[in-house]
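J.: Supplied in structure tokens, the structure appears directly below.
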Amino acid sequence: MTRDYSSVLRGTPKTKYGTLGREVAGHHIAANASMSDLTLEKYPLLEAVLAAKGLTVKGVWTIADVAQLFDVRNRTIFDWISDQKLAARDLPGRGRFLSIDLEEFLRNSKRLPKGRIGSRGEQ
């Protein structure tokens with residue numbers, strides 16, 4: 001007797017009515033989606049910023065990397081760390097941040113009101 005494990009591998013339950021869709025990481029996955037169709041972004045906000053700059057996700061980020069990514073000076077990154085806006089880690093070498101840290105920073109950032117530029121409200 002042969003058993004069909006394809007639904008288990010795809011994570012979609014199989015019933016007598018067919019294969020059901022699933023929620024994965026907040027995204028609805030169609031019942032007929034194959035593994036190659038699944039391109040879930042692990043860090044959607046960070047990946048959007050990186051794509052706009054033509055960069056890719058890295059494992060470990062240095063202060064200089066993050067400053068370049070956000071177009072600010074290294075001093076600004078130190079200020080964000082001091083103000084607890086950006087979490088730093090004690091990683092080997094010069095690395096201080098993981099991609100999840102940058103994603104969390106972006107997730108916690110506030111949107112500026114429409115038409116507002118800069119921190120002083122210049123227009």
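Values in this text are rule-based calculations from the coordinates and carry no lab data. Small disclaimer: the values here were computed from a predicted structure and weren't measured. Quick reminder, even Gly has a Cβ in these numbers, built from the backbone with ideal geometry, and neighbours come from all protein chains shown.
J.: Working carefully through the options Arg96, Arg75, find the one that is surrounded by 11 or more Cβ atoms within 10 Å (Cβ to Cβ) and either in contact with a Leu (Cβ under 7 Å, 6 or more places away or on another chain) or not hydroxyl-bearing (Ser, Thr, Tyr) (or both).
T.: Of the residues listed, the single one that is surrounded by 11 or more Cβ atoms within 10 Å (Cβ to Cβ) and either in contact with a Leu (Cβ under 7 Å, 6 or more places away or on another chain) or not hydroxyl-bearing (Ser, Thr, Tyr) (or both) is Arg96.
J.: Please go through the stretch 63-85 and pick out each residue that is among the basic types (Lys, Arg) and closer than 24 Å to Lys42 by Cα.
T.: Within the stretch 63-85, just Lys85 meets the criteria.
J.: Answer yes or no: is there a residue in the stretch 50-62 that is in contact with a Ser or Thr (Cβ under 8 Å, 6 or more places away or on another chain) and assigned to a strand (DSSP E or B).
T.: yes
J.: Also, quick follow-up: Within the stretch 53-101, track down each residue that is under 14 Å from the mean Cα position of the chain (by Cα) and without any contact (Cβ under 8 Å) to a residue 12 or more places away in the chain.
T.: Thr56 - this is the single residue of the stretch 53-101 that is under 14 Å from the mean Cα position of the chain (by Cα) and without any contact (Cβ under 8 Å) to a residue 12 or more places away in the chain.
J.: Also: Which of the residues that make up the stretch 86-110 are under 18 Å from Tyr43 (Cα atoms) and in a loop (DSSP other than H, G, I, E, B)?
T.: Result: Leu86, Ala87, Ala88, Arg96, Ser109, Lys110.
J.: When you scan the stretch 63-76, how many residues do you find that are outside any loop (DSSP other than H, G, I, E, B) and either under 13 Å from Asp101 (Cα atoms) or not hydrophobic (A, V, I, L, M, F, W, C) (or both)?
T.: 7
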